[in-house]
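Below is one structure, written out as structure tokens; comments come after it.
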Amino acid sequence: MFVVPVDYPEFTNILHSHSHFAILGWIYNALFITLVFLYVKDPDKQKKYNILFWITQVSIIGMLVTFTWQGYAAFSIAFSTLHIFCEYVFIYFIYRDISSSGNKKLPEKFIYASLFFLFISSLGPWALVVIILNGLSSSDLYKQAIYFYLHFQYNGWFIFAVIGMWLKLFTAPENTYITQKGKTVFYLLFISNIFAFFLSLLGFEIPLILKYTGIISAFVQLFALKFLYSLLFYKEDSVFSGKDPVLKKLFRFSFLVLLLKFILQLVSALPGIGNAAFVSREITIGYLHLVMLGVVSAGLISWFGVTGIVTFSSKLLRYGSALFLASFILSEILLFYPALVIWFGFSPVYQYSTLLFILSLLMFAGTILFYLSSRKT
């Protein structure tokens, strides 16, 4: 729409549809399937998840259509509310089944934390209802409720679930690897993630104590990531032995982008630098895409291939990965470029929107190749 403007559908409606469908249709569904695959082996128990899954798809497809059609209105809100209730049911089901399985190791700590953050994030949409009913939809409180939702979705539910999934592979049942280091990493990441929410509020007038708390949490996350590296990579060769080498590269790329994410959170806390993230919408979008596409999507696709949930065709997987990652990296550079314009007065990029559009098409082509590479399964 920035390249060739059209009157219908409205851009904001498309934006809402895109964000809901990407978060819930792709990431939520993928994590739903992953956790059931890991912890629910009994076919009788799987039946309730099957029913819940298809009810969830009704809500997701409903949001795709209604947000595109009318934006935030009665039908789209109804489907969004249905999905939140489906989330609550899923949290209850999977928590009970994980607990009954007797698994209480480090991976389960991260999985439990991810479910906790999923529940906490849902408080954001409920708060929006109260804020709107009180006529405060143009206030800072409205934006803060959205940031609350996004923070605990992206940095909580997504990240902790993906880390837990990988640790589940790297800590085999016969391995007594759970050490104090692993527990320390978990608690550092868990507690720091709660306080890292204040980093999302640095563009608002908040007390200094909250700002400093956010800055400290950013340092703690980077410190913990050093130890997480040793937890994830000490058995890397055995986990990827006999697997397509592209899967290993996707896994390493996912971790590298996770490191970059934590660095950017720290940079956002620096005076005079982080302000760019609140001035430029492109930078905010760049950060969200960094987590969703770079950390979570790359990590999920690699995990699906390693576990055998999906059997990829090597040739198409190689081409799809190269196209997807190359276009993703270039689009991230473009999205973060406005920060350089703000900080150093760089000249704006010529045909900025057209370039982003082309890179989006290439990324789309990469996802099609991912899909086609799995069609024999």
Do we have any residue at all in the stretch 170-180 that's surrounded by fewer than 19 Cβ atoms within 10 Å (Cβ to Cβ), without any contact (Cβ under 8 Å) to a residue 60 or more places away in the chain and in a helix (DSSP H, G or I)?
yes
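Within the stretch 208-232, take every residue that is among the hydroxyl-bearing types (Ser, Thr, Tyr) and surrounded by fewer than 16 Cβ atoms within 10 Å (Cβ to Cβ) and give me the one that is nearest to residue 190 (Cα to Cα).
Taking the stretch 208-232 and keeping what is among the hydroxyl-bearing types (Ser, Thr, Tyr), we get 212-213, 217, 229-230.
Now drop any that are not surrounded by fewer than 16 Cβ atoms within 10 Å (Cβ to Cβ), which leaves 212, 229-230.
Numbers: 212: 18, 229: 16, 230: 18 Å.
So, considering only residues that are among the hydroxyl-bearing types (Ser, Thr, Tyr) and surrounded by fewer than 16 Cβ atoms within 10 Å (Cβ to Cβ), the one nearest to residue 190 (Cα to Cα) is 229.
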Hey, any hits in the stretch 37-51 for a residue that's touching a Phe, Trp or Tyr at 6+ places or on another chain (Cβ under 6 Å) and assigned to a helix (DSSP H, G or I)?
no
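If I filter the stretch 335-358 down to residues being farther than 16 Å from residue 286 by Cβ and not hydrophobic (A, V, I, L, M, F, W, C), which single residue comes out as modelled with the lowest pLDDT?
Our first condition is that a residue be farther than 16 Å from residue 286 by Cβ; within the stretch 335-358, this holds for 344-345, 347, 350-351, 354, 358.
Retained after the next criterion (residues that are not hydrophobic (A, V, I, L, M, F, W, C)): 345, 347, 350-351, 354.
On the way: 345: 77, 347: 86, 350: 89, 351: 91, 354: 95.
For the stretch 335-358, the residue satisfying everything is 345.
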Give me the residue from the stretch 10-52 that is of a type in the set (Phe, Trp, Tyr) and over 20 Å from residue 77 (Cα atoms) and, out of that set, surrounded by the fewest Cβ atoms within 10 Å (Cβ to Cβ).
37
Looking at residue 215, is it assigned to a helix (DSSP H, G or I), free of Cβ contacts under 8 Å to residues at least 24 places away in the same chain and not aromatic (Phe, Trp, Tyr)?
no
Looking at residue 98, is it of a type in the set (Val, Ile, Thr), surrounded by 17 or more Cβ atoms within 10 Å (Cβ to Cβ), part of a helix (DSSP H, G or I) and within 15 Å of the chain's Cα centre (by Cα)?
no
Filtering the stretch 233-258 down to residues that are without any contact (Cβ under 8 Å) to a residue 60 or more places away in the chain and in a loop (DSSP other than H, G, I, E, B) yields 241, 242
Which residues, counting only those in the stretch 308-356, are hydroxyl-bearing (Ser, Thr, Tyr) and assigned to a helix (DSSP H, G or I)?
314, 319, 321, 327, 331, 337, 352, 353, 354
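The values are calculated or read from the model by the stated rules, or taken from the named source; none is laboratory data. Computed from a prediction, not measured in an experiment: that's the story for all the values here. Positions of Cβ are backbone-derived with ideal geometry, glycine not excepted, and every protein chain shown enters the neighbour counts.
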